[in-house]
Amino acid sequence: MRRGFTPWADPNAKPIVRFDAVSKRYANTVAIADLSLDIYEGEYFALLGPSGCGKTTLLRMLAGFEAPDRGRILLAGEDIVGVPPYRRPVNMMFQSYALFPHLSVFNNIAFGLKQDRMPKAEIAEQVGKMLQLVRLEGLADRKPHQLSGGERQRVALARSLAKRPKVLLLDEPLAALDRKLREETQFELMELQSRLGTTFVIVTHDQEEAMTVAHRMAVMNRGHIAQVDTPQQIYEQPNSRWVAEFVGDVNLIEGKLAASANGVVLEDAQGRRFRAGDGAQARPGAPAAFAVRPEKLKLALAPPPADTLNTISGRVVDIGYLGDVSVYKVRLDDGATMKASVTNATRLAERPIGWEDRVWLSFAPDAAVLLTA
């Protein structure tokens, strides 16, 4: 399902969720500002942003726990503003899991079904399916305090899915898990969402989590959407300095655009010139920046040939060894710093780059992204 899943690229596709010019204010604070967004059926969609950007408010409005001041929220084509939460075909999995401590795993999962007065036989069958789905067979009689953090997270997920919602909302669902379990659970959620075909909308401030699980993601800032696209496009083609700096590490080379017949050229304050492969909207003389990810930089102890494009030198002032990669912080001659990451693919066969070494950084023109915003 993930491969070739691009309904947003189909002009005839209709979204299952549409935020239409939605605004929300708390006293003098604007939480959501005239925001419009489409989410498609079967999509795993992530809302990513710093604390206070409005992502949780957006999720709560979709769940029905908050009402917009203006605008419409459409679910399967129907405006659900004013519809109470229990009548919406959505369910929400909270960060705290909100399990009932006095109920067994079975009864926690069955709670919503009992509220809907489903026959006992059907409840038992549906709970059994959910236990199998989240691989908790044999734990039906346990209480939440007898479970690990990962098991409690699965119970909460099973309870959220038991009523077969059209859209499942997940508010920081993996925040309480340790790093290794969180990474394992990310892939489990992806597999589960793909098998069920249920639309998942997840709120997270963890960039790695959003980029791992989501078909698409919206990067939010101060109640606005800064960019909506696939994780790959947002990382490789950010549309602004803010997005480039928020999503992953990036080096920004600031300057002014210079006229060129071949690609686009940026001249910095020191008169150094750098070339990028694409810049159709470039306007000579306009302030701009080149964004270059650390892994796109080549790092060398010897100066490259004189005709090598996009070369700059400095001294190594810090090194971070992360096992699979090493991150080098290089202070340039003008005092600015750049980061380069190098994959530790082989055992050291030559003199390693160390602190205070003079090094040369270079990057290919197509590794630089022109930013004018």
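Structure above, values below:
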{"quantity": "Single unsatisfied condition, Val83 versus (1) surrounded by 12 or more Cβ atoms within 10 Å (Cβ to Cβ); (2) under 27 Å from Leu59 (Cα atoms); (3) at pLDDT below 90", "calculated": "(3)"}
{"quantity": "Out of Gly323, Gly335, sole residue that is within 23 Å of Arg275 (Cα to Cα), modelled with pLDDT under 95 and either small (Gly, Ala, Ser) or surrounded by 15 or more Cβ atoms within 10 Å (Cβ to Cβ) (or both)", "calculated": "Gly335"}
{"quantity": "Test: residue in the stretch 147-154 that is surrounded by 15 or more Cβ atoms within 10 Å (Cβ to Cβ), assigned by TED's automatic domain parsing to the domain that holds Phe45 and without any contact (Cβ under 8 Å) to a residue 24 or more places away in the chain", "calculated": "yes"}
{"quantity": "Output for the stretch 7-41, where each listed residue is in contact with a strand residue (DSSP E or B) (Cβ under 9 Å, 6 or more places away or on another chain) and of a type in the set (Val, Ile, Thr)", "calculated": "Ile16, Val17, Val22, Val30, Ile32, Ile39"}
{"quantity": "The listed residue being of a type outside the set (Lys, Arg) and in contact with a Lys or Arg (Cβ under 9 Å, 6 or more places away or on another chain), out of Gly277, Gly320, Gly354, Gly271", "calculated": "Gly320"}
{"quantity": "Odd one out for Asn310, checked against (1) touching a residue at least 60 places away in the same chain (Cβ under 8 Å); (2) of a type in the set (S, T, N, Q); (3) closer than 19 Å to Gly255 by Cα", "calculated": "(1)"}
{"quantity": "Hits in the stretch 207-248 (condition: free of Cβ contacts under 8 Å to residues at least 12 places away in the same chain and under 23 Å from Pro365 (Cβ atoms))", "calculated": "Gln232, Gln233, Glu245"}
{"quantity": "Filter result for Ile39 (touching a residue at least 60 places away in the same chain (Cβ under 8 Å) and out of contact with any His (no Cβ under 8 Å at 6 or more places or on another chain))", "calculated": "yes"}
{"quantity": "Close pairs (9 angstrom Cβ cut-off, 6 or more residues apart or separate chains): closer than 13 Å to Val265 by Cα in the stretch 351-373, acidic (Asp, Glu) and outside any loop (DSSP other than H, G, I, E, B) anywhere", "calculated": "Val369/Glu236"}
{"quantity": "Out of Ala21, Ala98, Ala9, sole residue that is modelled with pLDDT under 95, out of contact with any Pro (no Cβ under 7 Å at 6 or more places or on another chain) and at positive phi", "calculated": "Ala98"}
{"quantity": "Any hit, the stretch 346-364, residues being surrounded by 14 or more Cβ atoms within 10 Å (Cβ to Cβ), touching an Asp or Glu at 6+ places or on another chain (Cβ under 9 Å), within 28 Å of Asn239 (Cβ to Cβ) and modelled with pLDDT of 90 or more", "calculated": "no"}
{"quantity": "Identity of the residue in the stretch 123-174, among the small types (Gly, Ala, Ser) and touching a strand residue (DSSP E or B) at 6+ places or on another chain (Cβ under 8 Å), that ends up farthest from Arg195 (Cα to Cα)", "calculated": "Ala156"}
{"quantity": "Scope the stretch 109-134; condition closer than 22 Å to Glu184 by Cβ and surrounded by 12 or more Cβ atoms within 10 Å (Cβ to Cβ); matching residues", "calculated": "Ile109, Met130, Leu131, Leu133, Val134"}
{"quantity": "Residue ID - farthest from the chain's Cα centre (by Cα), chosen from residues in the stretch 286-308 that are hydrophobic (A, V, I, L, M, F, W, C) and under 23 Å from Tyr235 (Cα atoms)", "calculated": "Leu299"}
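The values are calculated or read from the model by the stated rules, or taken from the named source; none is laboratory data. Since the model is a prediction, treat every value here as computed from it, not as a measurement. Cβ atoms come from the backbone with ideal geometry, glycine included; neighbour counts cover every protein chain shown.
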